[in-house]
Amino acid sequence: MRNIFLFIRRYFNFLLFLLLQAFSIYLITHYNKYHHAVGSAMMNEVTGKINNQYSEINEFFLLKKKNKDLHLENERLRNQLRLNFETPDTTNRLVIDSIPFDTLGNHRKWLYQNARVVSNSVSAQNNFIVLARGAAQELMKDEGVVDTNNGVVGIVTDISENFAVVMSLLHKDSRISGILKNDPNGGGSITWDGKEPNYLSFSNVRQSAKAKKGDTVITSGITPTFPYGMMIGTIDEIRADKSTNNFIIKIKTTANFYNLQYVYAIKNFQREEIDRLVEKAKSRNL
Amino acid sequence: MSTLVKNILRFVLLILVQFYVLDKIHLHQMVTPYIYFLFILWMPFSLNRTWQMALAFLLGFTLDSFRHSPGFHAAACVLIAYLRPFLINLLIPQEGADSNYDEPSARSMGGVFPYMIYAGLLSLLHHGWLFFLEAMEFGNFWYFIIKTLLSTVISLVLILAAELLFYRKQKFRTNTV
């Protein structure tokens, strides 16, 4: 027994070193899978507060650019107003019901919720974005996030009282499904190879699909996270993979991850029901 | 300023500079400038090794909390804090220099060259271990070796700049009255 104590005392520093390394590696391997394992909500609140201060100062310097962006966005939205359209035939006017959902909001499926970005990274291998909107402001886990031009940014993975952490598309676990806008047969999954920010790879697209450089890739709408037609990016490089009969496609993202300021989280009101149904189907199969 | 206050200020400032200045600079995807571990390089000689490692872990863990990547920087910091005393023993020139000066610097280590070796080796180890842990997840090793080397060079330039900008006065102390 005495020898054991002597041993521990003699090599205390080395043992402490091993212990701390082991703990760090435990954190590395467990964080991505179980977001709530290491009290991340508390860490979120603390760093979120500091980030908030910083972004308030930082925003001041970007006001000019932001104004321009809002201008462009306003323009785009105004162009979509029904008032702007009129059919040429005067006897046969097109009338569109301006309220496509009832007063209880029952038919609304998607709801856009704006949020401010307080922290963002592109240089790490696993990038996260922090939003200043949390559970208290009715944001939920697993909502999709797009930027002001409807370009996909990421998915909410972790949420605290006033802040939310978004797994950016620039993350090794990020995987969303996309299709070619011109050819709905060309579907595949979008991932990041960990190298260049703003460039993603689009895999599993069959060579029968019509794809060429410059084509737009949009969300497919088959997952409950994003509605159909959110811009993901444009094809930057395309070549045929001889061994698998698929294309190897590199796409440039629509969202510019270097300067995200305001984003929209998209809530799906049918999600809970879909999840419940899938859960039921799974449990029956087992 | 007492050593304690000085080190607390250093800790806070280096973390803030790292996260809010250096992390916002995007030189190239191969280069990530790091300077926050200067806190470990500048820790006093008199601090015992257990504390060095505990403080290094705290430093790394703080940066990890900001970057939402728990563990990566903590592991790298603990590694260099553990190896630091061995390196100082190897590089320090004359007997008792570590008790005559407070903390490692070009002066106390007997010249710019040994000090740069000290800083260079520790930053190489820090970057190497950090990028290695990241590479384990992606598995592209050549890419990470080049990234380690380039980032080390940039970090050394930053450390040199910090040394020149914030000149640390080092009193020579003797125990012979």
Return one number: the angle in degrees, 0 to 90 and rounded to the nearest 10, between the long axis of the Cα atoms of helix B:3-20 and the longest principal axis of the Cα atoms of chain B. 20
List the aspartates and glutamates whose Cα lies under 16 Å from the Cα of A:K109, skipping any in the same chain that are fewer than 8 positions away. A:E138, A:D142, A:E143, A:E272, A:E273, A:D275
The helix B:72-91 Cα axis meets the longest alpha-carbon principal axis of chain B at an angle in degrees, between 0 and 90 and rounded to 10, of 40
Determine, from the Cβ-Cβ distance of A:F23 and B:L87 and an R0 of 22 Å, the FRET efficiency 1/(1 + (r/R0)^6), rounded to the nearest 0.05. 0.40
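For the range A:110-286, what is the charge dipole size about the Cα centre, in debye to the nearest 20, if Lys and Arg each add +1 at the Cβ and Asp and Glu each add -1 at the Cβ?
Dipole about the Cα centre, nearest 20: 520 debye.
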Dipole-positive endmost among A:I266, A:N126, B:W51 within the protein assembly as shown (Cβ charges, Cα centre): B:W51
How many percent of all Cα-Cα pairs in the range B:52-125 sit more than 13 Å apart? 67
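Using the structure shown, list the pairs from A:K49/B:K24; A:K49/A:K252; A:K250/A:K282; A:K172/A:K242; A:K181/B:K24 with a Cα-Cα distance above 29 Å, or answer none. Could you put the intermediate results ahead of the total?
Values: A:K49/B:K24 18 Å; A:K49/A:K252 33 Å; A:K250/A:K282 35 Å; A:K172/A:K242 26 Å; A:K181/B:K24 34 Å.
Check vs 29 Å cut-off fails for A:K49/A:K252; A:K250/A:K282; A:K181/B:K24.
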A:K65 versus A:M42: modelled label distance in nm, points set 7 Å from Cα along the beta carbon direction: 3.7
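How far, in nm, would the chain grow between A:I50 and A:L15 when pulled straight, counting 0.36 nm per residue and subtracting the alpha carbon separation?
Details: separation 35, 0.36 × 35 = 12.60 nm, distance 3.49 nm.
Between A:I50 and A:L15, full extension yields 9.1 nm more.
A:D183 to A:K242: FRET efficiency via 1/(1 + (r/R0)^6), r the Cβ-Cβ distance, R0 30 Å, to the nearest 0.05? Numbers along the way, then the final one.
Numbers: r = 21 Å, r/R0 = 0.71.
Efficiency, from the Cβ-Cβ distance: 0.90.
Sort A:181-192, A:9-20, A:62-73 by packing, meaning the average of other beta carbons within 10 Å per residue, with the highest value first. Write out the running numbers ahead of the final one.
On the way: A:181-192: 17.1, A:9-20: 13.9, A:62-73: 11.7.
The densest-packed peptide leads the list: A:181-192, A:9-20, A:62-73.
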With +1 on each Lys and Arg Cβ and -1 on each Asp and Glu Cβ, how big is the dipole of the range B:3-165 about its Cα centre, in debye rounded to the nearest 20? 140
Read phi for every residue in the range A:244-250 and hand back ³J(HN,Hα) as whole Hz from Karplus 6.51 cos²θ - 1.76 cosθ + 1.60, θ = phi - 60°, with x for Gly and Pro. 10, 6, 10, 8, 10, 10, 10
To make sure I understand the rule: partners must be aspartates and glutamates, Cα under 18 Å from the Cα of A:K213, and not fewer than 8 residues away in the same chain. Which ones qualify? A:D183, A:D236, A:E237, A:D241
Suppose R0 equals 60 Å. What FRET efficiency, 1/(1 + (r/R0)^6) with r the Cβ-Cβ distance, do A:F5 and A:K213 give to the nearest 0.05? 0.30
Considering every residue in B:56-69, what mean count of other chain Cβ atoms within 10 Å of its Cβ is obtained? 5
How many partner chain Cβ atoms sit within 10 Å of a residue's Cβ in peptide A:113-121, on average, as a whole number? 2
Going by alpha carbons, how many degrees (0 to 90, nearest 10) lie between the helix axis of B:141-165 and the longest principal axis of chain B? 40
Pair A:T223, A:R116: separation of 7 Å Cα→Cβ label points (nm): 2.9
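Quick one: dipole size for the protein assembly as shown, taken about the Cα centre, charges +1 on Lys/Arg Cβ and -1 on Asp/Glu Cβ, in debye to the nearest 20.
On the way: 48 positive and 37 negative charges, 130 e Å.
Roughly 620 debye for the protein assembly as shown.
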Excluding residues fewer than 8 places away in the same chain, name every one of the lysines whose C-alpha is closer than 27 Å to that of B:K169. B:K6
If you take the Cα Rg of the protein assembly as shown and divide it by 2.2 N^0.38 Å, with N the number of residues, what do you get? 1.19
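What is the Å³ per residue value for the convex hull set by the Cα atoms of chain B? Walk me through the numbers on the way to the answer.
Values: hull volume 21.2 nm³, N = 177.
Convex hull volume per residue, Cα atoms: 120 Å³.
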Distance between the C-alpha centers of the range A:258-280 and the range B:132-165? Whole Å please. 38
Inter-chain Cβ neighbour average for residues B:71-80, partner chain, 10 Å: 5
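Bear in mind that the values in this text are calculations on the coordinates, not laboratory data. Bear in mind the structure is a predicted one, so any value in this text is a computation, not a measurement. Cβ atoms come from the backbone with ideal geometry, glycine included; neighbour counts cover every protein chain shown.
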